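S.K.: Below is a structure I'd like to ask you about.
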Number of protein chains: 2
Amino acid sequence: MYELHFAVPMAGAVLCSLNIRHDSAMLSVLLKHSKAKLIFVDYQFLDTVRGALENMSKSGSSLPDIVLVLDEQLMSVGIDMLQNTTIDYENLVQAGDPEFEIRKPKDEWDPIALNYTSGTTSSPKGVVYSHRGAYLNSLATVLVNEMLTRPVFLWTVPMFHCNGWCFTWGIAAQGGVNVCLRNVVAKDIFSSIVEFKVTHMGGAPTVLNMIINSPDGDKKPLPGKVVAITGGAPPAPQVLFKMEEIGFAVTHGYGLTEAYGLATVCVWKPEWDALPPNERAKIKARQGVLHLGLEEVDVKDPMTMKSVPADAKTMGEVMLRGNTIMNGYLSDEKATQEAFENGWYHSGDLAVKYPDGYIQIKDRAKDIIISGGENISSIEVEDVISSHPAVLEVAVVARPDDHWGETPCAFVKLKDGCNDVTSADIIKFCRDRLPHYMAPRTVVFEDLQRTITGKAQKYILREKARAMGSLTKTSKL
Amino acid sequence: MYELHFAVPMAGAVLCSLNIRHDSAMLSVLLKHSKAKLIFVDYQFLDTVRGALENMSKSGSSLPDIVLVLDEQLMSVGIDMLQNTTIDYENLVQAGDPEFEIRKPKDEWDPIALNYTSGTTSSPKGVVYSHRGAYLNSLATVLVNEMLTRPVFLWTVPMFHCNGWCFTWGIAAQGGVNVCLRNVVAKDIFSSIVEFKVTHMGGAPTVLNMIINSPDGDKKPLPGKVVAITGGAPPAPQVLFKMEEIGFAVTHGYGLTEAYGLATVCVWKPEWDALPPNERAKIKARQGVLHLGLEEVDVKDPMTMKSVPADAKTMGEVMLRGNTIMNGYLSDEKATQEAFENGWYHSGDLAVKYPDGYIQIKDRAKDIIISGGENISSIEVEDVISSHPAVLEVAVVARPDDHWGETPCAFVKLKDGCNDVTSADIIKFCRDRLPHYMAPRTVVFEDLQRTITGKAQKYILREKARAMGSLTKTSKL
């Protein structure tokens with residue numbers, strides 16, 4: 001995958017990394033939508049790809065060729081997976097022309113990559129990246145993450161998300177080393193850090209969570225400072241404290257597929273070092289300020305397009321513009337026009353702006369819970385619940401309510417051995433720390449399904465909450 | 001000066017920093033050529049500027065307004081230098097409109113700065129920088145010099161050379177601190193490093209020389225690693241050893257005005273650490289590889305435009321292309337076309353290429369003498385000397401110097417019957433007509449050997465000058 005991040009653009013083609021969790025149905029939709037000519041597949045996913053091609057075949061679509069990538073071990077035992085596959089990766093590389101002249105893009109705005117967001121099968125959104133944007137975001141990512149030459153980067157962020165937030169190209173630009181894991185588990189993370197002297201890694205809060213909650217036997221003392229870049233959701237205070245205790249320096253950033261990965265980072269100011277831990281954690285939860293490759297980030301009222309006051313209170317929509325914002329959505333002029341209304345990319349995230357210009361996301365537009373006319377930020381409620389010592393993970397969504405419109409409903413996964421905690425405990429814990437209307441009315445204990453970036457799959461939870469029906473019975477009122 | 005690096009472009013104007021060593025004659029030529037509208041002058045150079053304006057006035061040119069910059073001390077004693085000066089800097093700033101809307105360039109290729117190279121007075125070469133190039137070179141300079149956020153930069157490289165090699169903008173991009181010295185002397189360098197915890201500085205080999213040869217009383221132990229970026233001429237092994245002994249990490253780069261400052265850097269490979277000191281010094285004397293903002297650097301045969309083999313032996317001309325190469329020379333289409341013949345910028349420097357791609361400059365095609373970091377065109381000095389009534393022939397070459405790097409050395413053949421003219425006469429004659437640093441330090445009277453085409457055989461004279469040894473004795477080396 002890493003090699004292809006260079007080989008494909010250098011061959012004058014467009015890279016399209018697909019999520020390894022897609023099933024055959026979704027894959028066939030994306031292969032058709034992208035008009036892929038050649039598909040490189042790791043042996044682990046060969047069956048899924050074959051399923052996708054069968055679907056395409058049935059509907060009469062033209063099929064891409066398959067190049068199969070086997071790992072060294074499988075190569076040596078000579079496993080027969082090449083059957084029905086036209087090309088084997090290692091043979092393809094061997095047969096390459098060493099004198100092949102790199103095909104430079106005719107225009108720097110020409111596409112280098114196509115990245116599908118987590119859309120539905122009915123309308124996949126293919127985000128088009130340009131050479132220009134990828135170059136600038138790669139440099140900005142290196143700068144904002146404090147990378148010197150020869151970084152050692154541990155891949156826990158998948159390369160199929162915004163091309164690994166452009167770390168793929170950034171690490172090469174800095175002459176760095178890439179450490180890849182077949183399975184992202186704490187034991188392998190710690191042993192890789194020690195063996196390869198890792199300097200940087202990325203990871204959704206879920207990954208950080210896994211690291212700090214791993215058994216002591218899996219943990220190892222770090223050989224030096226390791227910068228851990230996190231995003232997707234703001235890291236909970238406890239996660240930050242524990243990470244720093246073990247020796248990680250956590251950088252919190254805000255990224256989105258349409259912005260090539262990182263767009264803003266909570267750049268740390270030395271004067272914050274002296275604050276009490278809780279204050280530091282609160283500040284680090286902010287999404288921060290734009291990086292050097294981006295022209296402008298603002299929080300605006302989407303109706304008037306006016307900037308919200310920098311009062312840490314007034315909410316608006318995060319909007320971005322500049323070179324590191326996508327060219328548009330592939331074959332979807334309408335969605336592109338909507339996304340760029342009034343000349344700014346509309347993120348759909350709701351945020352406030354602090355007097356120093358740092359932004360903080362309060363919620364996705366659709367994740368706001370409106371209860372009795374009050375806007376409740378589900379993130380704020382989640383922050384409080386996740387600070388409960390028995391809580392491992394939490395997600396809060398709206399539960400429809402006949403009286404209040406909506407009420408907050410919390411889905412909680414408890415830590416091992418904490419199963420005596422009750423709904424009432426969690427609700428009381430919130431009421432002691434939040435305005436009463438913000439405390440959840442419903443608490444459900446269960447394992448949370450998460451997306452690969454660590455976001456709880458809220459649409460599933462929303463469905464569940466909706467199925468519960470109204471908590472308040474109107475007849476009683 | 002630092003403030004103006006931001007204020008001028010943000011006002012939609014073009015910045016043109018002029019060398020403080022220019023005399024009034026040279027200044028008036030450049031003010032006319034650049035069509036300057038407004039000149040900001042430090043009180044130290046007010047008389048020179050007034051002289052330049054008088055020259056311009058006599059020739060009927062329209063005159064720029066003067067803004068005078070006084071230092072705080074002079075302000076407080078209320079010294080009357082404002083007489084005959086239209087505007088005072090501090091008052092100008094006070095009168096500014098805080099709501100002024102920054103004027104963005106219409107096109108990213110629009111000029112941001114004009115930088116005069118050490119051309120002759122007859123045809124000054126004004127190198128035009130674009131916003132695009134300055135942005136990219138600033139980021140590349142930060143990256144290549146291993147700057148994290150909040151660097152503390154000590155200015156010993158003047159900001160009028162390629163806008164301080166774009167460190168002006170780069171330091172701001174990284175949220176850094178600028179430490180400026182009115183006089184670049186070792187004592188102030190060391191005390192600034194200690195007081196402000198300097199992390200980075202620039203300096204021609206002359207400055208490094210001064211640092212290591214300063215009296216022990218002036219030296220202070222460094223508070224941490226200080227990266228010293230040097231260029232202009234490769235640092236001598238002794239200079240490198242001594243600098244590293246005191247605690248500096250010396251980075252050697254190759255820059256030129258036409259490339260916005262740094263173009264290549266001798267990026268250090270860890271495997272070189274184990275080499276004996278002399279081998280390390282030899283490698284560090286190489287000019288290295290291109291930075292991330294530049295597209296291509298090559299060593300080519302200027303006749304065939306073919307790359308020389310990477311054999312560390314075959315000489316060719318250093319050629320560059322990419323975004324961080326100038327737009328061209330102001331009002332000089334011919335010089336611009338010559339410089340960009342065949343689509344590459346021709347540096348005029350002769351170099352070899354090593355098998356690992358690192359380049360090393362062996363000689364300068366143009367007979368440039370580099371004295372104290374200043375480029376001196378030998379042709380320009382020759383022009384002045386040959387205008388002396390007693391001089392028949394002259395050739396000027398570089399004489400190696402422990403302190404200045406090089407000093408100009410003139411070989412002069414006097415006319416018959418003029419043998420009473422002395423070295424001191426020639427030097428005075430030059431000093432009356434040129435900036436002092438351009439005047440020869442050594443004058444040798446002898447017959448010049450010439451080629452059939454009439455050019456002095458400079459390589460013979462260079463040998464002779466080299467055999468003289470250093471004029472400045474630095475007994476400590």
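The values are calculated or read from the model by the stated rules, or taken from the named source; none is laboratory data. Bear in mind the structure is a predicted one, so any value in this text is a computation, not a measurement. Using ideal geometry, Cβ is built from the backbone for each residue, glycine included, and neighbour counts are taken over all protein chains shown.
S.K.: Test A:Ser28 against the stated conditions and say whether it is surrounded by 15 or more Cβ atoms within 10 Å (Cβ to Cβ), more than 22 Å from A:Asp88 (Cβ to Cβ) and not assigned by TED's automatic domain parsing to the domain that holds A:Arg182.
M.R.: So A:Ser28 fits the description; yes.
S.K.: Restricting to the range A:209-219, give me the number of residues that are assigned to a loop (DSSP other than H, G, I, E, B) and either without any contact (Cβ under 8 Å) to a residue 60 or more places away in the chain or small (Gly, Ala, Ser) (or both).
M.R.: Residues flagged as assigned to a loop (DSSP other than H, G, I, E, B) and either without any contact (Cβ under 8 Å) to a residue 60 or more places away in the chain or small (Gly, Ala, Ser) (or both) within the range A:209-219 amount to 6.
S.K.: Does A:Val8 count as part of a helix (DSSP H, G or I), touching a residue at least 60 places away in the same chain (Cβ under 8 Å) and among the aliphatic types (A, V, I, L, M)?
M.R.: For A:Val8, the condition - part of a helix (DSSP H, G or I), touching a residue at least 60 places away in the same chain (Cβ under 8 Å) and among the aliphatic types (A, V, I, L, M) - is not met.
S.K.: Give A:Val267, A:Val198 a once-over and let me know the one that is within 14 Å of another protein chain (Cβ to nearest Cβ) and either closer than 30 Å to B:Gln174 by Cβ or part of a loop (DSSP other than H, G, I, E, B) (or both).
M.R.: Within the list A:Val267, A:Val198, the selection yields A:Val267.
S.K.: Restricting the search to the range B:284-324, which residues are in contact with a Leu (Cβ under 7 Å, 6 or more places away or on another chain), among the aliphatic types (A, V, I, L, M) and closer than 18 Å to B:Ala351 by Cβ?
M.R.: Listed by number, the residues that qualify are B:Leu294, B:Val297, B:Met315, B:Leu320.
S.K.: In addition: Please enumerate the residues belonging to the range A:275-284 that are surrounded by fewer than 20 Cβ atoms within 10 Å (Cβ to Cβ) and hydrophobic (A, V, I, L, M, F, W, C).
M.R.: Scanning the range A:275-284 gives A:Leu275, A:Ile283.
S.K.: Follow-up. Which count do you get for residues in the range A:276-288 that are over 20 Å from the mean Cα position of the chain (by Cα) and modelled with pLDDT of 95 or more?
M.R.: 0
S.K.: What residue, among those in the range B:385-412 that are in a strand (DSSP E or B) and of a type outside the set (A, V, I, L, M, F, W, C), is surrounded by the most Cβ atoms within 10 Å (Cβ to Cβ)?
M.R.: Filtering first and then ranking leaves B:Pro408.
S.K.: Select, from A:Pro221, A:Pro215, A:Pro205, the only residue that is crowded, with 22+ Cβ neighbours inside 10 Å and either more than 14 Å from every other protein chain (Cβ to nearest Cβ) or among the aromatic types (Phe, Trp, Tyr) (or both).
M.R.: A:Pro205
S.K.: Could you check B:Val144 against (1) closer than 16 Å to B:Gly231 by Cα; (2) away from chain A (no Cβ under 14 Å); (3) not basic (Lys, Arg) and say which number it fails?
M.R.: B:Val144 satisfies every listed condition except (2).
S.K.: Filter the range B:239-255 down to residues that are touching an Asp or Glu at 6+ places or on another chain (Cβ under 9 Å), surrounded by fewer than 24 Cβ atoms within 10 Å (Cβ to Cβ) and more than 14 Å from chain A (Cβ to nearest Cβ), then give me how many there are.
M.R.: The number of residues fulfilling the criteria is 1.
So that you can scan it fast, the table gives a plain yes or no per residue for (1) modelled with pLDDT of 95 or more; (2) under 22 Å from the mean Cα position of the chain (by Cα); (3) closer than 18 Å to A:Pro124 by Cα:
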{"residue": "A:Val8", "(1), (2), (3)": "yes, no, no"}
{"residue": "A:Leu15", "(1), (2), (3)": "yes, yes, yes"}
{"residue": "A:Ala25", "(1), (2), (3)": "no, no, yes"}
{"residue": "A:Tyr43", "(1), (2), (3)": "no, no, no"}
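S.K.: In the set A:Trp155, A:Trp165, which member is among the aromatic types (Phe, Trp, Tyr), under 17 Å from A:Leu18 (Cα atoms) and free of Cβ contacts under 8 Å to residues at least 60 places away in the same chain?
M.R.: Answer to the selection: A:Trp155.
S.K.: While we're here: A:Asp298 fails exactly one of the following numbered conditions: (1) more than 14 Å from every other protein chain (Cβ to nearest Cβ); (2) in a loop (DSSP other than H, G, I, E, B); (3) more than 30 Å from A:Arg441 (Cα to Cα); (4) without any contact (Cβ under 8 Å) to a residue 60 or more places away in the chain. What is the number of that condition?
M.R.: It is condition (2) that A:Asp298 fails.
S.K.: Continuing with this model, one more query. Give the residues of the range B:174-194 that are within 20 Å of the chain's Cα centre (by Cα) and either within 14 Å of chain A (Cβ to nearest Cβ) or closer than 29 Å to A:Leu290 by Cβ (or both), sorted by residue number.
M.R.: B:Asn178, B:Val179, B:Cys180
S.K.: Considering each of B:Val397, B:Val391 in turn, give the residue that is under 30 Å from B:Asn213 (Cβ atoms), hydrophobic (A, V, I, L, M, F, W, C) and in contact with a Leu (Cβ under 7 Å, 6 or more places away or on another chain).
M.R.: Result: B:Val397 is the single residue among B:Val397, B:Val391 that is under 30 Å from B:Asn213 (Cβ atoms), hydrophobic (A, V, I, L, M, F, W, C) and in contact with a Leu (Cβ under 7 Å, 6 or more places away or on another chain).
S.K.: Here's a follow-up. Here's a check for you: in the range B:126-138, which residue that is of a type in the set (A, V, I, L, M, F, W, C) and more than 11 Å from B:Leu294 (Cα to Cα) is nearest to the other protein chains (Cβ to nearest Cβ)?
M.R.: Among those that are of a type in the set (A, V, I, L, M, F, W, C) and more than 11 Å from B:Leu294 (Cα to Cα), it is B:Ala134.
For (1) without any contact (Cβ under 8 Å) to a residue 60 or more places away in the chain; (2) of a type outside the set (Val, Ile, Thr); (3) touching a helix residue (DSSP H, G or I) at 6+ places or on another chain (Cβ under 7 Å), each residue gets a yes or a no:
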{"position": "A:Gly170", "(1), (2), (3)": "yes, yes, yes"}
{"position": "A:Cys180", "(1), (2), (3)": "no, yes, no"}
{"position": "A:Val185", "(1), (2), (3)": "yes, no, no"}
{"position": "A:Ile189", "(1), (2), (3)": "yes, no, yes"}
{"position": "A:Val207", "(1), (2), (3)": "no, no, no"}
{"position": "A:Ala228", "(1), (2), (3)": "yes, yes, yes"}
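S.K.: Exactly one condition in (1) more than 14 Å from every other protein chain (Cβ to nearest Cβ); (2) in contact with a Pro (Cβ under 8 Å, 6 or more places away or on another chain); (3) surrounded by 24 or more Cβ atoms within 10 Å (Cβ to Cβ); (4) at negative phi is not met by A:Ile171; state its number.
M.R.: Evaluating A:Ile171 over (1) more than 14 Å from every other protein chain (Cβ to nearest Cβ); (2) in contact with a Pro (Cβ under 8 Å, 6 or more places away or on another chain); (3) surrounded by 24 or more Cβ atoms within 10 Å (Cβ to Cβ); (4) at negative phi leaves (1) as the failure.
S.K.: All but one of (1) more than 14 Å from chain B (Cβ to nearest Cβ); (2) touching a His at 6+ places or on another chain (Cβ under 8 Å); (3) more than 26 Å from A:Lys415 (Cβ to Cβ) hold for A:Leu154, so report the exception by its number.
M.R.: (3)
S.K.: Which of (1) hydrophobic (A, V, I, L, M, F, W, C); (2) touching a helix residue (DSSP H, G or I) at 6+ places or on another chain (Cβ under 7 Å); (3) not in a loop (DSSP other than H, G, I, E, B) is the odd one out, the single condition B:Leu222 does not satisfy?
M.R.: Going through (1) hydrophobic (A, V, I, L, M, F, W, C); (2) touching a helix residue (DSSP H, G or I) at 6+ places or on another chain (Cβ under 7 Å); (3) not in a loop (DSSP other than H, G, I, E, B) one by one, B:Leu222 breaks only (3).
S.K.: Which numbered condition trips up A:Met303, out of (1) in a loop (DSSP other than H, G, I, E, B); (2) within 14 Å of another protein chain (Cβ to nearest Cβ)?
M.R.: (2)
S.K.: Restricting the search to the range A:329-368, which residues are of a type in the set (Gly, Ala, Ser) and surrounded by 19 or more Cβ atoms within 10 Å (Cβ to Cβ)?
M.R.: Result: A:Ala339, A:Ser347, A:Ala351.
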